[in-house]
Amino acid sequence: MAAPLTLLIIVAVTIRAVLFRSSLAELISERVEVVSPLNAWKRVVEGLALLDLGVSPYSGDVFHETPLVIYLFHFVVDYAEVVFMIADGITAVALYLSIQTYNKNVFRKQKYALESDRYPADCLELLRSPKEMFYIPLKVAMFYLLNPFTILSCVAKSTCGLNNAIIALFILCTLKGSALLSGIFLALATYQSIYPLTLFAPALLFLLQRLYIPVNLRRSSFWFFTLQYVFIYVGSLVVITGLSFFLLGSWDFIPSVYGFIFSVPDLTPNIGLFWYFFAEMFEHFRLFFICVFQINVFFYTIPLSIKLKEHPVFLIFMQIAIISIFKSYPTVGDVALYMAFLPAWSHLYRFLRNIFLVSCVLLACSALFPVLWHLWIYAGSANSNFYYAITLLFNFGQILLVSDYFYAYLRREHHLTHGLYLKKEDGSEATLVLK
């Protein structure tokens, strides 16, 4: 599989290199769907200019990236295009290896379950074959590298690509069973944008599962490993934050980065849910609704962790999708990361109920974003309501997509336990309902 993956990377790099040299690059870098106040390349350049003048890049209200990012580009700014292409390549390879490892684990568990005769006879058609699973890692890498959302994000030089690379490396280290590297990369991802904190729970569940440690509050082994992983994660976060202070010489980055993410002061339009709502919000209600909106990202972690405690990899997918929908400054690069996982759940297609509708909604919204933006900003024949309406529809489509996969996953697991053809007590066919 190394040759197809190499060919895929060459094709992806070629597409990006051509777009970097085209007249479209500047247009793409201005699109509000592709960049946000947090990750726009122009803001990074402004921060670098201030740093070169000996002024803190956080002294104004322009730069809101982390200190490690600005010091990275302080040395490689002339090779920024190469850095972003490498980041996409790292993400794709990490996802490829992650899904390859995951498929091996799934096949091994499936084999043991078959040998112990755990599956009902009528659900054997739901089992996954090695032939079916062989090309899935390559499809995942292809879904990421050739996704128009990923390409646009790379050409715009959005630092979202760097965040995706860190999260992909975190997933790879977790699935490989390295608690140390998993905790370090999770701390780095949290340092970048806070929201990956919600990935702590699925990572811990997977590592516990891998070591055959049951999730039991009365077991000392559970608490010992949990505290060990917490120590790695928190310790890494403290070290990274301390390094940022050492480089910058002040704590200015904390309110400028994390305060900016939580308080949402910049209401530049984007594909998220925050900007229009808070543009219309009375100031004395703002704090309450900021808390309500922000809690959405974190609220679903506990119930999903309880429901999917035996399936932590699918829980990681769910959490990444929730982050990309409900974060304060989302871009299409965030959407591309969780969409890359869709080929990994190809065995769920038979149970999806709204996939055609969702596909049409997401495609239509993607096409209408620039149209309605032009009508609003340039033609003056529309207003912000039009653009926010398509934003709401786009997020509705994402929520419907994620909930549909959640339903399909739970339904398949139910069938693997109770049989494919369910019957009521009177012998009639039963309908499975997700509650």
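The values are calculated or read from the model by the stated rules, or taken from the named source; none is laboratory data. Treat the numbers as computed from the prediction; the structure is a model and nothing was measured. A quick note on method: Cβ atoms are made from the backbone with ideal geometry, for glycine too, and the neighbour counts reach across all protein chains shown. We work out accessible area using only protein heavy atoms, side chains counted, and drop any ligands, DNA or RNA first. Shrake-Rupley method; radii C 1.70, N 1.55, O 1.52, S 1.80 Å.
Structure values in brief
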item	result
Which listed residue, of L363, L392, L337, L368, is within 23 Å of A40 (Cα to Cα) and without any contact (Cβ under 8 Å) to a residue 24 or more places away in the chain	L368
Test: residue in region 36-51 that is among the hydroxyl-bearing types (S, T, Y), surrounded by 18 or more Cβ atoms within 10 Å (Cβ to Cβ) and either within 30 Å of H415 (Cβ to Cβ) or within 24 Å of the chain's Cα centre (by Cα) (or both)	yes
Enumeration of residues in region 270-320 that are touching a Lys or Arg at 6+ places or on another chain (Cβ under 8 Å) and free of Cβ contacts under 8 Å to residues at least 60 places away in the same chain	F278
Qualifying positions in region 168-177 - over 17 Å from L72 (Cβ atoms), open to solvent by 10 Å² or more (accessible area, probe 1.4 Å) and aliphatic (A, V, I, L, M)	L172
Boolean, V62 is closer than 21 Å to Y191 by Cα, open to solvent by 50 Å² or more (accessible area, probe 1.4 Å), of a type outside the set (S, T, N, Q) and not in a helix (DSSP H, G or I)	yes
Index of the failed condition, I302 passing every other in (1) among the β-branched types (V, I, T); (2) open to solvent by 70 Å² or more (accessible area, probe 1.4 Å); (3) assigned to a loop (DSSP other than H, G, I, E, B)	(3)
Per-region count, region 242-258, residues farther than 16 Å from P196 by Cα and in a helix (DSSP H, G or I)	11
Exclusive hit being part of a helix (DSSP H, G or I), open to solvent by less than 10 Å² (accessible area, probe 1.4 Å) and not basic (K, R), set L199, L180	L199
Residue selected from region 123-150 under the condition of a type outside the set (G, A, S) and exposed (fewer than 12 other Cβ atoms within 10 Å of the Cβ), by the criterion nearest to G333 (Cα to Cα)	P148
Test: residue in region 67-83 that is in contact with a Pro (Cβ under 8 Å, 6 or more places away or on another chain) and not in a helix (DSSP H, G or I)	no
Top-ranked residue of region 206-241 - restricted to ones that are in a loop (DSSP other than H, G, I, E, B) and at negative phi, ranked as most open to solvent (accessible area, probe 1.4 Å)	R218
